[in-house]
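The values are calculated or read from the model by the stated rules, or taken from the named source; none is laboratory data. From a predicted model like this one, the values you see are computed outputs, not experimental measurements. Backbone-built Cβ (ideal geometry, glycine too); neighbour counts: all protein chains shown. Only protein heavy atoms, including side chains, enter the accessible area calculation; ligands, DNA and RNA are left aside. Shrake-Rupley method; radii C 1.70, N 1.55, O 1.52, S 1.80 Å.
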2 protein chains.
Amino acid sequence: MRSTPHAETFPAHTPAAAQVFTTVLSHGPLTRLETGRRAGLSPAAVTKAVRPLLAAGYLVEGGGPGEAAEGEEARPALGRPASLVRVNGERALFAGVKATGDELIAVLTDLCCRVRLARRAPLRDRAPGPALAAVTGLVHELLAHAAESHAPVAGLGIAVSGDVDRAEGVVRYSPFLDWRDVPLAELAATACGLPVTVDNDVRALTVAEQWFGAGAGLSDFALVTVGAGIGCGLVVHGRVVAGAHGVAGEIGHLVVDPAGPPCHCGNHGCVEAIAGDAAIVARIREVTGCHVVDSAEAVALAHQGVPGAREVYARAGEAIGRGIATVANLLGPERVIISGEGLAAYDLFAEQIRQAFTTAAFGSAARCDVQTRPLPFEEWARGAAAAAIQTFITQHPSSGKG
Amino acid sequence: MRSTPHAETFPAHTPAAAQVFTTVLSHGPLTRLETGRRAGLSPAAVTKAVRPLLAAGYLVEGGGPGEAAEGEEARPALGRPASLVRVNGERALFAGVKATGDELIAVLTDLCCRVRLARRAPLRDRAPGPALAAVTGLVHELLAHAAESHAPVAGLGIAVSGDVDRAEGVVRYSPFLDWRDVPLAELAATACGLPVTVDNDVRALTVAEQWFGAGAGLSDFALVTVGAGIGCGLVVHGRVVAGAHGVAGEIGHLVVDPAGPPCHCGNHGCVEAIAGDAAIVARIREVTGCHVVDSAEAVALAHQGVPGAREVYARAGEAIGRGIATVANLLGPERVIISGEGLAAYDLFAEQIRQAFTTAAFGSAARCDVQTRPLPFEEWARGAAAAAIQTFITQHPSSGKG
DNA sequence: TTCTTTTATTGACAGTGGAAAATAAGGGCC
DNA sequence: GGCCCTTATTTTCCACTGTCAATAAAAGAA
């Protein structure tokens, strides 16, 4: 994070106000009373926190769509009717960009992190300068679109894989981009004229899940991404784990089978060396003799029932399941969310993941709830936007709570 | 934890006071200024927090032994000399008991968790009733000794392996004791007339390390215990990880080698099935043909250079190192502390642990500082006392910070 | 002695969030 | 319609925390 030009300010003067806002943000329309209960505050405190937020337009009264539709909580019909408070998504927009080694994906979201617009662009030159120019170009496209609405764009998030120091806004080391110590937040803030948050891609996705997804309200959960790499974001004690040295959640290089295939990290039988896209494709090529070039083809082959292909996926599923069980054994999260591009093949893994998990989870660690959810292509960029939203909300009051 | 008879009260009325006290407790004699810096408070706040603690005798002024001995911080010789504040260990005593399946170990410590007295007693009947009686007996021995000093005994901690709900003071399930849902804190409080804290043994040891040991001041570290079992306590974001289902840090059942020996947990090649005491002894018996019955003999054999024995330890070291690397990869702790009875054999596996760790740690996770420290036999009981001290200090103000 | 420098303390003060009481807003009931 | 009951929200104090800026204290140096 960096300070910035023409910043939109967020009137959460007190910790309680930020607390209230994030509670309403994560848990949809709520009554003030309920908000207080969830945030551990008195109703009076909620009223006081809500007022300036209403005045500034960040919150609005009256339930959103689907308010009375769900008859879930049969309205008490007795006593003064509650008035619902919800976040006004229209109030501000955010841009999120995910940079991979060869592509940029950008989204424009509202304050509720709903995607308004998504764009992709190839990244032809990954050196910091040209990459920054490409990001800036893409962001300007988003800004042009945003200008049509009345909502200001209040922040830009950039997600990059590797070792990222979010607090300083510096990319310490990103293997795919081949960057070292790039002060990306500062550069991008200058180039785009927006407050910029830079974070590791998996952590950003975890933030999105924690605030807007299946992790909402949980103080301990893990997010596992399956795709080109196998990643893992962890939330412990309500905060995303960053690791003392900037690295955490490296589930991809857990060794699952010392007798397994070699991995680029130098070991054998890492989860990624068995269940990463490249590993699966290579292995399927080897087993079936078919010349598959990407995972789509590999999945197709398995679905067609080509001999041996399913087994490759089964083995991958087992590796993933074991990795998840390891996380569960160590941290005892309430829930594990499996996501990622690799989920296209989920029907090929699911059974093995679940089984390997159940077998390897020790004792009540097995009670952990394992969920899957699809990962649209723009999800990584949405994670970046979520990080920007988080910065926007928590920046001004010196607090740092997630 | 349970409320209690004739409780000694601790005058930490405000969060800041508890913060100040624990800072001084963990970091030895400190000036008020320095205390404020570390605790993130203004000097004024420190002065105000310190006063009632001094008045009540929990803190005293003037450095302890070794005050000026260390010339570390060359005294400025200019300006008003700082006056050091430290915890008065004599002010209160605590009892700690560790219960294994066949033995009780008890210690009496002072407020700084220094062991005053240690006692062991066999546990002949592990049913809750008789075990409680045995604990009570042992505690009364400690109390008798404590009566000779003027310090009151302000709490009792009991450490038990398995699933323990510290907040409720209930042992949910302890395999070694074969207990289920025993409200131990309440029972022991009644029987001993002391406030009782019950916690999982590894977590208690972790607390001791966090406040009084090599983890002092670190917000992220792991403690690995090597012995009959292989355990792991985790501190993330400055708090001990408890897990949503009461289980966390189960490093002992990480599968290190699917082709390895069977484990009682049902899997093959768990760390514990390779590096636990029983596994090592069994394997050494198998390899050498010698009839060894305990780890002392096994260690002796390896030291004598009996063929094959060293290799068993080497393999154990590798398994442990891999387990530690897994923790480092997932959480990125600042430090890992290896401890345990198994350290008697440390020279036999040190090299392999270090090597396996370095090999399996991914990227900068390898920068994690791996330390070893001996574990005196009464250390587990001391952990229980540390838990009691923690309860004592943090109970009254409704906070729950570790 | 007086000055300088650093540490500790004091007292005024600005916010925070809580408790309790007051108020608002329905639906039923008579 | 008026009154009562219930629950939600708001108001009105108010206690309390920790900060700020000023001041005292405790040396050594000049």
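Helix B:379-394 versus the longest principal axis of chain B: what angle, 0 to 90°, nearest 10, using Cα atoms?
30
Which of rounded, prolate, oblate describes the protein assembly as shown, given a ≥ b ≥ c as roots of the alpha-carbon gyration tensor eigenvalues and a/c under 1.5 marking rounded, otherwise prolate only if a/b is larger than b/c?
On the way: a/c = 1.74, a/b = 1.21, b/c = 1.45.
Since a/c reaches 1.5 but b/c is at least a/b, the shape of the protein assembly as shown is classed as oblate.
Between copies, how far does the label point of A:ALA278 sit from its twins, in nm, shortest first, when each point is 7 Å from Cα along Cα→Cβ?
Nearest first, the other copies' label points are 4.3 nm away.
Which net charge results when you count Lys and Arg as +1 and Asp and Glu as -1 among the other residues whose beta-carbon is under 11 Å from that of B:LEU218? Let's see the in-between values first.
On the way: positive: B:ARG335; negative: B:GLU209, B:ASP220, B:GLU334, B:ASP369.
Around B:LEU218, the surrounding residues sum to -3.
Taking springs between alpha-carbon atoms closer than 10 angstrom, which of B:THR14, B:THR22, B:THR358 fluctuates most in the Gaussian network model of chain B?
Result: B:THR14 has the largest fluctuation of those listed.
Which Cα, out of A:VAL293, A:VAL327, A:ALA316, lies furthest along the positive dipole direction of the stretch A:280-372 (beta carbon charges, K/R +1, D/E -1)?
A:VAL327
Output the Kirkwood hydrodynamic radius of chain B, Cα pairs only, in Å rounded to one decimal.
Values: mean 1/r = 0.0450 Å⁻¹.
For chain B, inverting the mean 1/r across all distinct Cα pairs yields 22.2 Å.
So the label point sits 7 Å from Cα along the Cα-to-Cβ vector; using that for A:THR47, what distances do you get to the other copies, in nanometres, sorted shortest first?
3.9
Leaving ligands, DNA and RNA out of it, rank B:SER26, A:SER339 by accessible area with a 1.4 Å probe, largest first.
On the way: B:SER26 30, A:SER339 5 Å².
Per-residue accessible area, sorted high to low, gives B:SER26, A:SER339.
Summing +1 for each Lys or Arg and -1 for each Asp or Glu, what net charge is found among the other residues whose Cβ lies under 10 Å from the Cβ of B:ILE337? Intermediate values should be presented prior to the final figure.
Values: positive: B:ARG335, B:ARG373; negative: B:GLU209, B:ASP369.
After counting each charged neighbour, the total is 0.
Looking at the stretch B:150-242, which GluC sites (Glu not before Pro) are in a loop (DSSP not H, G, I, E or B) and have at most 16 other Cβ atoms within 10 Å? Mind dumping the intermediate values first?
On the way: sites: B:GLU168, B:GLU186, B:GLU209; in loops: B:GLU168.
Qualifying residues, ordered by number: B:GLU168.
About the Cα centre, and with charges only on the beta carbon of Lys, Arg (+1) and Asp, Glu (-1), how big is the dipole of the stretch A:216-372? Nearest 20 debye, please.
Numbers: 9 positive and 15 negative charges, 53 e Å.
Dipole magnitude for the stretch A:216-372 comes out near 260 debye.
Tell me what chain A gives for mean residue ellipticity at 222 nm when only DSSP H runs of n ≥ 4 count, each as -39,500 (n - 2.57), the sum divided by the residue total, rounded to 500 deg cm²/dmol.
Details: 12 runs with 156 residues, N = 402.
My calculation for chain A gives -12500 deg cm²/dmol from helical runs alone.
Cα atoms only, the stretch A:163-230: Rg and Dmax in Å?
13.9, 37
How large is the charge dipole for chain B, taken about the Cα centre, if only the Cβ atoms of Lys, Arg (+1) and Asp, Glu (-1) carry charge, to the nearest 20 debye?
Details: 33 positive and 40 negative charges, 220 e Å.
The dipole of chain B has a size of about 1060 debye.
Applying the Karplus parametrisation 6.51 cos²θ - 1.76 cosθ + 1.60 with θ = phi - 60° to the phi angles of the stretch A:122-130, what ³J(HN,Hα) value in whole Hz is obtained for each residue in order, glycine and proline being reported as x?
x, 10, 7, 10, 8, 5, x, x, x
Long-range amide H contacts for B:ARG335: which residues qualify at under 5 Å (H placed 1.01 Å from N, peptide plane, sequence gap of 5 or more or a different chain)?
It is B:ALA222, B:ASP369, by chain and number.
In sequence order, what are the phi-derived ³J(HN,Hα) couplings for the stretch B:177-194 according to the Karplus relation 6.51 cos²θ - 1.76 cosθ + 1.60 with θ = phi - 60°, rounded to whole Hz, with x for glycine and proline?
Result, ordered by residue: 8, 6, 10, 9, 6, 9, x, 4, 4, 5, 4, 5, 4, 5, 6, 9, x, 9 Hz.
Between the stretch A:133-157 and the stretch A:298-336, what's the alpha-carbon centroid distance in Å?
39
Compute, for the protein assembly as shown, the length of the dipole vector about the Cα centre, with Cβ point charges of +1 (Lys, Arg) and -1 (Asp, Glu) only. Units Debye, rounded to 20. Let's see the in-between values first.
Values: 66 positive and 80 negative charges, 393 e Å.
Magnitude of the dipole: close to 1880 debye.
Between the label point of B:GLU141 and that of the same position in each other copy, find the distances and list them shortest first in nm, with every label point placed 7 Å from Cα along the Cα-to-C-beta direction.
Computed spacing set for this position: 7.7 nm.
Which whole number gives the average count of other chain Cβ atoms within 10 Å of the Cβ atoms across peptide B:360-369? Walk me through the numbers before you get to the answer.
Values: counts 8, 4, 12, 10, 9, 8, 2, 4, 4, 1.
What the average comes to for B:360-369 is 6.
With springs only between Cα atoms under 10 Å apart, run a GNM on chain A and tell me which of A:ARG91, A:ARG124, A:ARG315 wobbles the most.
Its mean-square fluctuation being the largest, the pick is A:ARG124.
Residues with beta-carbon under 14 Å from that of A:CYS232, excluding A:CYS232: net charge, scoring Lys, Arg +1 and Asp, Glu -1? Numbers along the way, then the final one.
Numbers: positive: A:ARG203, A:ARG322, A:ARG335; negative: A:ASP201, A:GLU209, A:ASP220, A:GLU250, A:GLU272.
Residues near A:CYS232 contribute -2 overall.
Quote the accessible area belonging to B:ARG203 in square angstrom, nearest 10, computed with a 1.4 Å probe and with ligands, DNA and RNA left uncounted.
Accessible area, nearest 10 Å²: 30 Å².
For B:LEU84, which sequence-distant residues (separation of 5 or more, or a different chain) have an amide H within less than 5 Å of its own amide H, given hydrogens modelled in the peptide plane?
B:GLY62, B:GLY63
Name the long-range amide H neighbours of A:GLY155: under 5 Å, sequence gap of 5 or more, or other chain; modelled H, no Pro or chain starts.
A:ALA95
Working with all protein chains in place, sort A:VAL287, B:VAL255 by solvent-accessible area computed with a 1.4 Å probe, largest first. Walk me through the intermediate numbers first.
Working: A:VAL287 65, B:VAL255 30 Å².
Highest to lowest solvent-accessible surface, that is A:VAL287, B:VAL255.
Which whole-Hz couplings ³J(HN,Hα) result when phi for each residue of the stretch A:359-370 is put into the Karplus expression 6.51 cos²θ - 1.76 cosθ + 1.60, θ = phi - 60°, listed in order with x for Gly and Pro?
Per residue, the Karplus-derived 3J(HN,Hα) values read 5, 8, 6, 9, x, 6, 4, 6, 6, 4, 7, 9 Hz.
In units of 2.2 N^0.38 Å, what is the alpha-carbon radius of gyration of the stretch A:216-372?
Numbers: Rg = 15.4 Å, N = 157, 2.2 N^0.38 = 15.0 Å.
It is 1.02.
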